[in-house]
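A.B. asks: What follows is a single structure, and I will ask about it in a moment.
The values are calculated or read from the model by the stated rules, or taken from the named source; none is laboratory data. Just so it is clear, the structure is predicted and the values come from calculations on it, not from any experiment. Glycine also receives a Cβ, built like all others from the backbone with ideal geometry; neighbour counts cover every protein chain displayed. Just so you know, the surface numbers come from the protein's heavy atoms only, side chains and all, with ligands and any DNA or RNA stripped out. Shrake-Rupley method; radii C 1.70, N 1.55, O 1.52, S 1.80 Å.
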Amino acid sequence: MNEYLVEQYLPGVTARQVDDASARLAAAASELAADGVEVRYISSTFIPEEESCFCRFEARDTYAVRRACERAGVELARVVEARDFPSRREEG
């Protein structure tokens with residue numbers, strides 16, 4: 001599976017509303033996975049000052065991510081493939 005980032009623009013939305021939407025995304029992804037669709041919700045990052053939110057998924061393709069968002073009732077601006085680079089500790 002690949003990682004995908006969902007970008008949303010959310011003017012006037014509260015952190016509570018994002019938290020509720022995140023729970024719906026997690027449930028929708030779990031339901032789809034139970035039906036054999038390769039998708040997993042990872043997390044959301046809300047940036048109130050920018051009125052935007054970025055949601056991370058693992059999925060076979062963007063179609064699976066879009067299906068999860070649609071099932072959760074979450075509008076999105078776009079879905080893009082992403083890569084995560086965890087920090088490395090210097091040994092020495």
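A.B. asks: Hey, any idea what % of the chain's accessible area is carbon plus sulfur with a 1.4 Å probe?
C.D. replies: Here carbon and sulfur together make up 44 percent of the probe-accessible area.
A.B. asks: Another question, then. Using a/c under 1.5 as the rounded threshold, could you call the chain rounded, prolate or oblate? The axes a ≥ b ≥ c are square roots of the C-alpha gyration tensor eigenvalues, and prolate needs a/b larger than b/c, oblate otherwise. Before the final figure, lay out each step's value.
C.D. replies: Details: a/c = 1.90, a/b = 1.10, b/c = 1.72.
Oblate is the answer for the chain, as a/c is 1.5 or above yet b/c matches or exceeds a/b.
A.B. asks: Something else now. Any chance you could check the Cα centroid distance between the range 8-46 and the range 54-92 for me, in angstrom?
C.D. replies: Centre-to-centre (Cα) distance: 11 Å.
A.B. asks: Determine the calculated [θ] at 222 nm for the chain from helices alone, applying -39500 (n - 2.57) to every DSSP H run no shorter than 4 residues and normalising by the residue count; nearest 500 deg cm²/dmol.
C.D. replies: -11000 deg cm²/dmol
A.B. asks: Give me Rg over Rh for the range 42-92, both radii from the alpha carbons and Rh done the Kirkwood way, two decimal places.
C.D. replies: Here Rg/Rh amounts to 1.10.
A.B. asks: What does the accessible area per residue of the chain come to in Å², with a 1.4 Å probe and no ligands, DNA or RNA counted? All intermediate terms of the calculation are to be shown ahead of the outcome.
C.D. replies: Numbers: 6360 Å² over 92 residues.
Using a 1.4 Å probe on heavy atoms only, each residue of the chain averages 69 Å².
A.B. asks: Would you calculate the separation in nanometres between label points at PHE85 and ALA27, each defined as 7 Å from the Cα along the Cα-to-beta-carbon direction?
C.D. replies: My value for the distance between the label points is 3.8 nm.
A.B. asks: How much length, in nm to one decimal, is gained on full extension between ASN2 and GLN17, taken as 0.36 nm per residue of separation minus their Cα-Cα distance? Before the final figure, lay out the partial values.
C.D. replies: Numbers: separation 15, 0.36 × 15 = 5.40 nm, distance 2.72 nm.
Gain on extension, ASN2 to GLN17, equals 2.7 nm.
A.B. asks: For the range 1-81, what's the relative contact order in percent, using C-alpha pairs closer than 8 Å and at least 6 residues apart?
C.D. replies: Computed over the range 1-81, the figure is 46 percent.
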